[in-house]
Amino acid sequence: MSGHSKWSKIQHKKGRTDKARSNLFTKLLRSVTLAAQEGGMDPDMNFSLRLAVEKAKAGNVPKDNIDRAIKKGGGAAKDGVVFEEVVYEGFGPHGVALIIEALTDNKNRTVSEIKHLLAKSGGSLAGPGSVQWQFDHVGVARISSAALATAPHWEETQLRLMDAGVLDIIHKDDGMECICAKEDLQQVLGALQEQHIFPSESGLEWVPKESVTVDEAVGEMIGDLYDMLEENDDVRDVYMNI
């Protein structure tokens, strides 16, 4: 009986892992399609597409899938589906502020599902502007400790990054984050590349101006809400002020 129980747990875990991988691929490929749809199929001429492709590659999405997503967005593989980006604002348990970015081909479906998930967790959807003022929409480039180790003259590199538009450098245990105005992100990534430093992750994010602290019980509730939102195919990113 214990063997059967163990096998069931393994199968359940594998099922969740496979589902999570498929869900991630869907989100990454939608970002690629939208970027190609809005700015063209050439990553060298379309910075948003280049970022989306790099994220898809970092997520181990197969090249053929990425190419198909680009063609789909560029109209070379028309299937009648058009994605658009939507930003929702809301409140989670105990008033935690939420910004939810979605890529959807059906806004009515998406907003209905997000409303349901928030209500299920004791939260609610808010009107435009109700939450965004608590966040800054900025460019973020994350660099691992290993990548930093390749920079021989770090002080000089920091000066070049500041000249390129970096507003803040936050050092963390596993590396650092460079924060810049969203319109300067392309220039900052170019400056990093010139120094042969390649971020592990980069893009536009909503960063809270002030973070709040919650207790363990509330943290678990918010963690459950985050997981449910992440499991929704339409939801691309979730940002919170904790």
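The values are calculated or read from the model by the stated rules, or taken from the named source; none is laboratory data. Values in this document were obtained by computation on a predicted structure and should not be read as measured data. Every residue, glycine among them, receives a Cβ derived from its backbone with ideal geometry; neighbour counts consider all protein chains shown.
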request  = Identify the residue in region 80-90 that is of a type in the set (D, E, K, R) and more than 14 Å from the chain's Cα centre (by Cα) and, among all such residues, is farthest from residue 241 (Cα to Cα).
outcome  = 84
note = Scanning region 131-150 for residues that are loosely packed, with under 15 Cβ neighbours inside 10 Å and among the aromatic types (Phe, Trp, Tyr) gives 133
query = If you scan region 151-176, which residues turn out to be loosely packed, with under 11 Cβ neighbours inside 10 Å and closer than 11 Å to residue 197 by Cα?
reply = 152
request  = Would you confirm whether any residue within region 186-202 is buried (at least 16 other Cβ atoms within 10 Å of the Cβ), touching a Leu at 6+ places or on another chain (Cβ under 8 Å), over 21 Å from residue 146 (Cβ atoms) and not assigned by TED's automatic domain parsing to the domain that holds residue 55?
outcome  = no
message = So, in region 209-223, exactly how many residues are more than 18 Å from residue 117 (Cα to Cα) and assigned to a helix (DSSP H, G or I)?
response = 2
message = Condition first: of a type in the set (D, E, K, R) and either closer than 30 Å to residue 184 by Cα or within 20 Å of the chain's Cα centre (by Cα) (or both). Now tell me which residues in region 91-141 satisfy that.
response = 101, 105, 107, 113, 136
inquiry  = Given the criterion in contact with a helix residue (DSSP H, G or I) (Cβ under 8 Å, 6 or more places away or on another chain) and within 24 Å of residue 48 (Cβ to Cβ), identify the matching residue among 183, 201, 231.
reply    = 201
query = Quick one: how many residues across region 80-116 are closer than 16 Å to residue 32 by Cα and among the small types (Gly, Ala, Ser)?
reply = 1
query = Looking at this structure, is residue 118 part of a helix (DSSP H, G or I) and either surrounded by fewer than 19 Cβ atoms within 10 Å (Cβ to Cβ) or not β-branched (Val, Ile, Thr) (or both)?
reply = yes
query = Do we find that residue 35 is of a type in the set (A, V, I, L, M, F, W, C) and either touching a helix residue (DSSP H, G or I) at 6+ places or on another chain (Cβ under 7 Å) or free of Cβ contacts under 8 Å to residues at least 12 places away in the same chain (or both) in this structure?
reply = yes
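Residues are listed down the side, and each one gets a yes or a no for (1) touching a His at 6+ places or on another chain (Cβ under 9 Å); (2) free of Cβ contacts under 8 Å to residues at least 12 places away in the same chain:
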| position | (1), (2) |
| --- | --- |
| 117 | no, no |
| 133 | no, yes |
| 142 | no, no |
| 145 | no, no |
| 151 | yes, no |
| 156 | no, yes |
| 161 | no, no |
| 178 | no, no |
task = Test each condition in (1) outside any loop (DSSP other than H, G, I, E, B); (2) more than 25 Å from residue 28 (Cβ to Cβ) for residue 151 and report the one that comes out false.
result = (1)
message = Anything in region 174-196 that is outside any helix (DSSP H, G or I) and either within 21 Å of the chain's Cα centre (by Cα) or within 15 Å of residue 135 (Cβ to Cβ) (or both)? List them, or say none.
response = 174, 175, 176, 177, 178, 179, 180, 181
